[in-house]
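The values are calculated or read from the model by the stated rules, or taken from the named source; none is laboratory data. Note that the structure is predicted; figures quoted are calculated from it, not measured. In this analysis, Cβ positions are derived from the backbone assuming ideal geometry, glycine residues included, and neighbour counts consider all displayed protein chains. Note: areas computed on protein heavy atoms with side chains; ligands, DNA, RNA excluded. Shrake-Rupley method; radii C 1.70, N 1.55, O 1.52, S 1.80 Å.
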Amino acid sequence: MPREEVMKWLRTRFFPHIWCPGCGHGVIMHALLRSLTALDKKPEETVIASGIGCSSRMPGYINACTVHTTHGRSLGFATGIKLAKPELTVIDVMGDGDCTAIGGNHFIHAARRNLDITTVIFNNNIYGMTGGQYSPLTPMASKATTAPFGHIERPFDIAALAIAAGATYVARGTAFHAQLLTDLIVKGIESKGFSVIDAITQCPISYGRKNKMGSAADMLAWQRDSAVPAQAVAKMKPEDLQGKFVIGELYRTTAPEYTAEYDKLIARVYKKGGKEN
Ligand code: SF4
Ligand code: MG
């Protein structure tokens with residue numbers, strides 16, 4: 001059972017949840033709730049937005065200000081909320097397809113604007129809810145219902161994409177490394193700007209079965225064995241990183257935050273009585 005402080009963040013009246021046995025989404029939700037508890041956030045000051053997909057059902061289970069929106073568009077809603085009430089803590093949870101395909105444009109422009117929003121991307125390499133179609137994060141040669149002979153497209157590196165688009169905090173964790181993931185979400189929320197946490201998780205039903213990855217426990221073991229801590233990368237040769245992924249804090253910088261700049265603009269225009277010059 002989660003701790004009492006975490007239980008306060010759950011809408012238990014909506015349980016049981018919809019997730020399959022062995023799905024990693026519950027672990028990531030728990031990490032998110034632990035991060036909110038660690039930061040002493042209040043439900044009435046915390047917004048959690050989502051789009052469509054298995055992971056996007058998550059805000060419904062959380063006792064905060066939640067909004068379950070349309071596919072790929074949750075960052076549009078989150079942007080409006082943050083602009084109207086910049087003092088709120090705004091978190092956007094998205095699946096890999098939701099974020100990088102349907103919502104790809106919203107994602108890169110929210111990053112470019114450096115809105116003070118924390119995104120947690122539930123990266124299970126597949127569209128889980130709709131039956132296992134490949135997403136922009138499906139690895140090459142993987143099988144999917146829409147790639148029965150093996151996937152021939154190169155996937156995005158979500159961290160590199162986020163950094164190139166202008167995100168100011170980028171990190172990667174996994175469902176296996178739950179405590180690290182909690183710490184990364186805490187830092188992402190604390191960082192004043194657009195934060196991206198790539199949360200690698202397992203979908204044993206729509207991805208694992210097709211790719212013969214074994215049970216949910218086997219998939220968690222794969223996360224454990226494939227993850228390389230960011231601080232170890234400098235000492236490794238490129239060939240040692242083949243088939244691995246880096247976890248931890250990957251990038252951090254500072255840049256003007258959009259809502260703060262917008263407030264300054266309003267103050268400047270008011271001072272001049274609405275005149276341009
Ligand atoms: Fe989780 Fe996959 Fe089941 Fe969706 S289909 S709930 S992602 S295991
Ligand atoms: Mg997915």
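Among (1) touching a Lys or Arg at 6+ places or on another chain (Cβ under 9 Å); (2) in a loop (DSSP other than H, G, I, E, B); (3) within 15 Å of ligand 2 (Cβ to nearest atom); (4) open to solvent by less than 40 Å² (accessible area, probe 1.4 Å), which single condition is residue 137 missing?
Only one criterion in (1) touching a Lys or Arg at 6+ places or on another chain (Cβ under 9 Å); (2) in a loop (DSSP other than H, G, I, E, B); (3) within 15 Å of ligand 2 (Cβ to nearest atom); (4) open to solvent by less than 40 Å² (accessible area, probe 1.4 Å) is unmet by residue 137, namely (1).
Could you check residue 11 against (1) within 14 Å of ligand 1 (Cβ to nearest atom); (2) open to solvent by 10 Å² or more (accessible area, probe 1.4 Å) and say which number it fails?
Exception for residue 11: condition (1).
Among the residues of the range 38-56, write down those that are buried (at least 19 other Cβ atoms within 10 Å of the Cβ) and either part of a helix (DSSP H, G or I) or among the basic types (Lys, Arg) (or both).
The answer is 55, 56.
Condition check ((1) assigned to a helix (DSSP H, G or I); (2) surrounded by fewer than 24 Cβ atoms within 10 Å (Cβ to Cβ)) across all residues:
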residue	(1), (2)
97	yes, no
118	no, no
150	no, yes
173	no, no
187	yes, yes
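For the range 241-270, how many residues meet the condition of being of a type outside the set (A, V, I, L, M), touching a helix residue (DSSP H, G or I) at 6+ places or on another chain (Cβ under 9 Å) and at pLDDT below 95?
The total comes to 1.
When the residues of the range 210-239 are narrowed to those that are modelled with pLDDT under 95 and in a loop (DSSP other than H, G, I, E, B), which ends up nearest to residue 172 (Cα to Cα)?
Checking each candidate, the answer is 236.
Look through 157, 263 and report the one residue that is under 28 Å from residue 133 (Cβ atoms) and charged (D, E, K, R).
Testing whether each residue is under 28 Å from residue 133 (Cβ atoms) and charged (D, E, K, R) leaves just 157.
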